[in-house]
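The values are calculated or read from the model by the stated rules, or taken from the named source; none is laboratory data. Remember, it's a predicted structure, so these values are computed and weren't measured experimentally. Positions of Cβ are backbone-derived with ideal geometry, glycine not excepted, and every protein chain shown enters the neighbour counts.
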């Protein structure tokens, strides 16, 4: 799974990224998310290679779950949560 609404639902606008993605698999995508948001992401070799959100103000509503470190998420204006495996 690439994206899903967080527990606060689509109306609040928080979107989880890579919530069930295996950490050892590379991925690149551009998807339309709720609230007229487009998310473009590339995860290669265990690192976040590219990330963009349009409109940019929505980046703060993106939450990485799983493999992306808190430092990498902070560099792109997003957040992380820990997911129990």
- Mind listing whichever residues of the stretch 49-61 are modelled with pLDDT of 90 or more and within 16 Å of residue 18 (Cα to Cα)? 49, 50, 51, 52, 53
- Some residue of the stretch 74-85 being farther than 17 Å from residue 6 by Cβ, free of Cβ contacts under 8 Å to residues at least 60 places away in the same chain and part of a strand (DSSP E or B): no
- Message: Filter the stretch 71-85 down to the residues that are modelled with pLDDT of 80 or more and exposed (fewer than 13 other Cβ atoms within 10 Å of the Cβ) and list them by number.
- Response: 71, 74, 75
